[in-house]
Amino acid sequence: MTAPALLAAVPLLLGVLAGSWLTPSPAWLAVALVATWTLCATTTWVRPRRETVAALGRAAALASACAGSGLAGATLGSTAQRQADRPSLLAAYDTAIADRPVHLTGVLRDDASAARTGVSLTLDVITLEGRPIDGGVRLSIAGGLALQNAAAWRAGRTLALDAALREPLDYRDPGVPSDQARLARQGIALIGSVKSAALVSVVSHGSLITESAAWLRDFVRAGTADAVGRWSPVSAGVVTAILIGDRTGLSPEDERRLQEAGTYHVIAISGGNIALLTALIIAAGRAARLPARPTAAASIGLLAFYGYAAGLAPSVLRATVAGMIYLTARAADHRGAAINAVAVAATVACVTAPLSVLDPGFILSFGATLAIVIAVNRFMPRRAARRAPRPSLPRRVLGAVGMAAAGLGAATLCAELALAPVGASLFGRVSLAGLVLNFAAIPLMEIIQTAGLAAVVLDAVAPRLAALPGWVAHIGTAGLLQSAALVDHAPWLVRDVPPPAWWLIAAWYAAWSVAIAARRRVSRMSAAAVGALAGVLMLWGAPSLRATRVRAPPPGWTRYVVLDVGQGDATLIEPAGAAPMLVDAGGAPGSTFDLGRRVTLPALWAFGVQRLGALVLTHGDPDHIGGAPPLLRALAPRAIWVGVPVPRHEPLQRLQAAASAAGIPWLSRRAGESITAGAVTLRVLNPPLPEWERQRVRNDDSVVLEARIGGVAVLLPGDISQAVEPDVLAHFEAAPLVVVKAPHHGSAGSSAPRFVATLRPALVVFSAGRRNPFGHPAAAVVERYRAAGALIFSTAEDGAIVLDTDGTRVEVWCPATGRKASLALTDR
């Protein structure tokens with residue numbers, strides 16, 4: 001068998017997945033594992049005389065070995081998941097340390113990550129208030145002093161500090177993955193902040209290897225900043241990312257472009273980087289006239305150290321282990337199948353970090369590599385048995401270039417086929433741009449890495465000479481970033497798609513596997529046609545083909561959904577007989593977190609929304625419009641409704657420019673207007689026609705909508721204050737059953753007693769973030785609504801809140817908590 005490691009890797013990987021999902025008892029798994037390996041050993045050692053019995057024994061040994069690997073993986077996965085779900089640090093937080101600063105000591109997992117306003121640390125805690133404890137924390141430290149001390153906070157060093165800790169917050173909407181679970185798989189139980197860098201001290205340095213690795217990273221950062229940064233700080237950030245995996249120097253915009261272009265993989269240390277580094281090491285050994293085998297053997301240690309210094313992320317671990325296997329085989333003068341090296345790397349990853357198999361980086365890295373290995377074996381022509389006459393030099397060059405292009409094309413195509421459902425499922429995006437751009441991105445990456453390495457080395461010995469390779473690395477980086485701009489000129493190459501159903505993914509992989517493996521042309525073409533059909537359904541299929549789908553309301557009913565977007569607003573209206581509408585899109589002010597793409601859009605997909613009839617922007621505050629940009633492209637609203645124009649407000653102007661470029665009408669709505677959308681009548685209650693040009697966004701200019709079906713009125717008042725509530729009441733017509741989304745997240749400056757008494761709401765919903773710094777909703781406002789007889793719901797406590805109505809009844813339910821309530825006109 002050419003890849004015996006697969007017999008261990010595949011069952012081990014499946015076992016880890018099953019164990020982390022089901023978390024069976026480790027004790028029972030251990031008993032089953034011992035029994036299985038005992039059976040394997042028995043059937044292996046016994047040598048029966050009859051061939052039939054011997055064959056059955058070999059089959060039993062093989063089956064029990066695979067089962068043993070699967071059980072071992074399940075044990076690893078179950079144990080790791082249990083530890084991640086409940087570290088002692090989290091238990092201590094629940095019982096004793098919540099809401100107060102505590103003294104911690106711990107070991108830095110990574111170098112401090114510096115940004116413009118402060119520093120981020122990831123710490124594996126050793127003691128809490130002097131008591132031994134385990135668990136990881138991620139801390140932020142603001143201020144200039146933190147930036148000055150960041151260089152001393154290196155991975156492996158032990159720090160002592162005082163921090164305020166808290167649990168990570170989730171956005172509890174259908175279709176939105178748990179960030180708390182993601183951090184737990186990374187070993188991070190809590191997040192928090194340190195008031196000042198003066199409260200942080202280095203207790204001890206790390207081991208020799210950790211300090212050496214930190215020195216190497218600092219050496220590379222300094223070299224790239226000097227040799228490449230003189231030409232462009234942006235280029236220096238990209239080169240640093242390619243050399244040591246430190247992506248803190250990349251701007252969010254550059255990262256977004258590379259991700260959409262399908263070339264983000266070139267700035268993440270992976271197989272291409274390790275292969276080039278391995279080739280450079282071997283070439284250096286040849287240039288120094290060193291023996292091949294000793295050079296390969298010595299290079300193993302260098303490669304292992306480099307992978308350790310770069311952080312051993314899934315792609316780094318896979319590429320480093322594969323490179324070490326290659327060098328080991330070279331030192332032993334042994335050749336083996338590439339897929340065997342991939343299997344060994346996967347086995348190492350499963351054993352060393354079981355939960356890393358759930359990481360998107362693991363799936364992307366191993367999925368692409370497996371596809372490339374298959375492409376090389378299936379599509380690349382083999383050498384002829386007999387040597388043909390030696391061609392001329394130009395023909396040899398052209399032949400080599402053609403072979404390289406063919407290999408790169410086949411590898412790119414197979415990798416894209418392998419990762420398209422992954423991108424759709426994990427990121428809600430399928431990019432075709434990589435099929436073209438990889439022909440430029442991969443050669444440019446090799447140029448950047450080679451020139452960057454030369455620049456770093458020369459900067460240490462001859463700084464003036466480092467300018468030339470630094471310039472070459474800068475030019476290569478500029479070309480890489482410019483190539484990613486293709487998606488701006490051809491946006492159709494990137495499509496935002498909801499996660500497809502599992503059976504559609506299975507059909508995709510089955511069809512393309514047959515198309516690649518089949519020998520007969522008819523079989524290949526038929527399978528490719530099925531795969532293409534699956535791709536079309538994946539890109540343009542109906543909501544029923546999607547993985548996450550909230551049950552639809554009864555026929556003829558209208559649905560309202562107040563999404564959990566933290567401290568912000570986003571309300572979905574699905575009128576019976578009309579296209580859905582979204583009132584505000586949420587946002588995360590002061591953060592690079594793309595809430596629109598990460599929260600609002602997946603939640604809308606989960607409710608079956610594929611296009612919006614209208615996107616209503618009540619006003620220009622970032623917690624209302626910050627999530628809008630990705631919705632324009634993904635959901636193509638037929639119109640955007642706004643209130644009072646604010647010409648100098650850049651976020652609104654950028655949105656208007658994007659809408660204009662996409663051909664989306666930008667419509668101003670004024671008090672007194674009425675619009676019919678299916679079964680729902682929408683009335684605009686605010687703002688009136690402005691008397692002067694606004695210089696800034698005002699809460700009282702919010703678009704206020706009343707959505708009415710039958711005897712049920714739902715009021716969506718934006719962020720208005722008590723000052724304009726009387727004007728809104730003057731336009732509001734009394735209804736038998738009123739539902740109110742509390743104005744301005746339930747702030748103390750809204751929901752005046754007269755406003756509440758006049759509306760007499762049966763139900764009030766507060767859209768506010770848990771532990772928000774504004775204290776929303778105010779206790780007095782909550783009590784005011786409760787005294788008026790209203791049921792109280794809050795996204796902070798209940799997550800997304802769904803209201804289904806037929807005009808006479810309202811059914812309220814919360815997918816995250818299971819809380820329910822029913823209202824009817826007769827109840828009022």
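Scanning the stretch 593-603 for residues being hydrophobic (A, V, I, L, M, F, W, C) and within 12 Å of residue 428 (Cα to Cα) gives a total of 3.
Somewhere in the stretch 131-139, is a residue assigned to a loop (DSSP other than H, G, I, E, B) and farther than 30 Å from residue 360 by Cα? Within the stretch 131-139, none of the residues are assigned to a loop (DSSP other than H, G, I, E, B) and farther than 30 Å from residue 360 by Cα.
Selection of the stretch 712-743 for residues being among the aliphatic types (A, V, I, L, M) and outside any loop (DSSP other than H, G, I, E, B) yields 712, 713, 714, 715, 716, 728, 729, 730, 737, 738, 739, 740.
Within the stretch 172-181, the set of residues being of a type in the set (D, E, K, R) and either part of a loop (DSSP other than H, G, I, E, B) or touching a residue at least 60 places away in the same chain (Cβ under 8 Å) (or both) comprises 172, 173.
Any idea which of 100, 109, 86 is on the phi < 0 side of the Ramachandran plot, modelled with pLDDT of 85 or more and within 32 Å of the chain's Cα centre (by Cα)? Result: 109 is the single residue among 100, 109, 86 that is on the phi < 0 side of the Ramachandran plot, modelled with pLDDT of 85 or more and within 32 Å of the chain's Cα centre (by Cα). Number of residues in the stretch 216-244 that are free of Cβ contacts under 8 Å to residues at least 24 places away in the same chain and of a type in the set (Asp, Glu) equals 0. Residues of the stretch 713-735 that are out of contact with any Pro (no Cβ under 7 Å at 6 or more places or on another chain) and of a type in the set (A, V, I, L, M): 713, 714, 715, 716, 723, 724, 729, 730, 734, 735. Put simply, of 184, 189, 163 the only residue that is part of a helix (DSSP H, G or I) and surrounded by 20 or more Cβ atoms within 10 Å (Cβ to Cβ) is 184.
In the condition set (1) closer than 20 Å to residue 242 by Cα; (2) in a loop (DSSP other than H, G, I, E, B), residue 280 is compliant with all but (2). Within the stretch 84-96, count every residue that is assigned to a helix (DSSP H, G or I) and either of a type in the set (Phe, Trp, Tyr) or touching a residue at least 12 places away in the same chain (Cβ under 8 Å) (or both). Residues in the stretch 84-96 being assigned to a helix (DSSP H, G or I) and either of a type in the set (Phe, Trp, Tyr) or touching a residue at least 12 places away in the same chain (Cβ under 8 Å) (or both): 7 in total. Taken as a whole, the stretch 137-158 holds at least one residue that is buried (at least 16 other Cβ atoms within 10 Å of the Cβ), at pLDDT 90 or above, touching a Gly at 6+ places or on another chain (Cβ under 8 Å) and within 16 Å of residue 92 (Cβ to Cβ).
Among the residues of the stretch 684-708, those identified as open to solvent by 10 Å² or more (accessible area, probe 1.4 Å), touching a residue at least 40 places away in the same chain (Cβ under 8 Å) and over 16 Å from residue 668 (Cβ atoms) are 695, 696, 699. Kindly indicate whether residue 553 is at pLDDT 90 or above and either open to solvent by less than 60 Å² (accessible area, probe 1.4 Å) or within 19 Å of residue 428 (Cα to Cα) (or both). Taking the combined requirement at face value, the residue satisfies it. I'm trying to understand the selection: among the residues of the stretch 452-475, which are touching a residue at least 60 places away in the same chain (Cβ under 8 Å) and touching a Pro at 6+ places or on another chain (Cβ under 6 Å)? Passing the criteria: only 455.
Applying the condition of being assigned to a loop (DSSP other than H, G, I, E, B) and open to solvent by 20 Å² or more (accessible area, probe 1.4 Å) to the stretch 619-643 and asking which residue is nearest to residue 429 (Cα to Cα) yields 636. Take the residues in the stretch 110-136 that are among the charged types (D, E, K, R) and touching a residue at least 60 places away in the same chain (Cβ under 8 Å), then tell me which one is most open to solvent (accessible area, probe 1.4 Å). Among residues in the stretch 110-136 that are among the charged types (D, E, K, R) and touching a residue at least 60 places away in the same chain (Cβ under 8 Å), the one most open to solvent (accessible area, probe 1.4 Å) is 110. Residues of the stretch 704-757 that are closer than 26 Å to residue 578 by Cα, within 41 Å of the chain's Cα centre (by Cα) and acidic (Asp, Glu): 706 alone.
Taken over the stretch 152-186, the criterion of being farther than 30 Å from residue 602 by Cβ, of a type in the set (Gly, Ala, Ser) and under 28 Å from the mean Cα position of the chain (by Cα) is satisfied by 155, 156, 163, 164. Pairing each residue of the stretch 432-449 that is within 19 Å of residue 235 (Cα to Cα) with any residue that is modelled with pLDDT of 80 or more and surrounded by fewer than 17 Cβ atoms within 10 Å (Cβ to Cβ), provided the two are 6+ apart or on different chains, yields C-beta distances under 6 Å for 444/479.
State yes or no: is residue 212 crowded, with 19+ Cβ neighbours inside 10 Å, part of a helix (DSSP H, G or I) and polar (S, T, N, Q)? Taking the combined requirement at face value, the residue does not satisfy it. Taking the criterion of being of a type outside the set (A, V, I, L, M) and in contact with a Pro (Cβ under 9 Å, 6 or more places away or on another chain), the residues of the stretch 768-807 that qualify are 784, 785, 789, 794, 799, 804, 805, 806.
Per-residue answers, yes or no, for (1) more than 24 Å from residue 602 (Cα to Cα); (2) surrounded by 12 or more Cβ atoms within 10 Å (Cβ to Cβ); (3) modelled with pLDDT of 90 or more; (4) under 31 Å from the mean Cα position of the chain (by Cα):
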residue: 499; (1), (2), (3), (4): no, yes, yes, yes
residue: 505; (1), (2), (3), (4): no, yes, yes, yes
residue: 513; (1), (2), (3), (4): yes, yes, no, yes
residue: 516; (1), (2), (3), (4): yes, yes, no, yes
residue: 519; (1), (2), (3), (4): yes, no, no, no
residue: 523; (1), (2), (3), (4): yes, yes, no, no
residue: 528; (1), (2), (3), (4): yes, yes, no, yes
residue: 535; (1), (2), (3), (4): no, yes, no, yes
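Checked against the criterion of being open to solvent by less than 20 Å² (accessible area, probe 1.4 Å), over 26 Å from residue 594 (Cβ atoms) and touching a residue at least 24 places away in the same chain (Cβ under 8 Å), the stretch 476-484 has at least one qualifying residue. Could you tell me whether any residue of the stretch 297-310 is closer than 21 Å to residue 369 by Cβ and not in a helix (DSSP H, G or I)? Scanning the stretch 297-310, I find at least one residue that is closer than 21 Å to residue 369 by Cβ and not in a helix (DSSP H, G or I), so the answer is yes. Based on what the data block shows, is residue 27 more than 20 Å from residue 341 (Cα to Cα), open to solvent by 50 Å² or more (accessible area, probe 1.4 Å) and at pLDDT 75 or above? When the stated conditions are applied, residue 27 does not pass them.
The values are calculated or read from the model by the stated rules, or taken from the named source; none is laboratory data. Keep in mind that what you see is a predicted model, and the values were worked out from it rather than measured. Please note: Cβ atoms are built from the backbone with ideal geometry, for glycine as well, and neighbour counts cover all protein chains shown. In case anyone asks, the SASA skips ligands and DNA or RNA and just uses the protein heavy atoms, side chains included. Shrake-Rupley method; radii C 1.70, N 1.55, O 1.52, S 1.80 Å.
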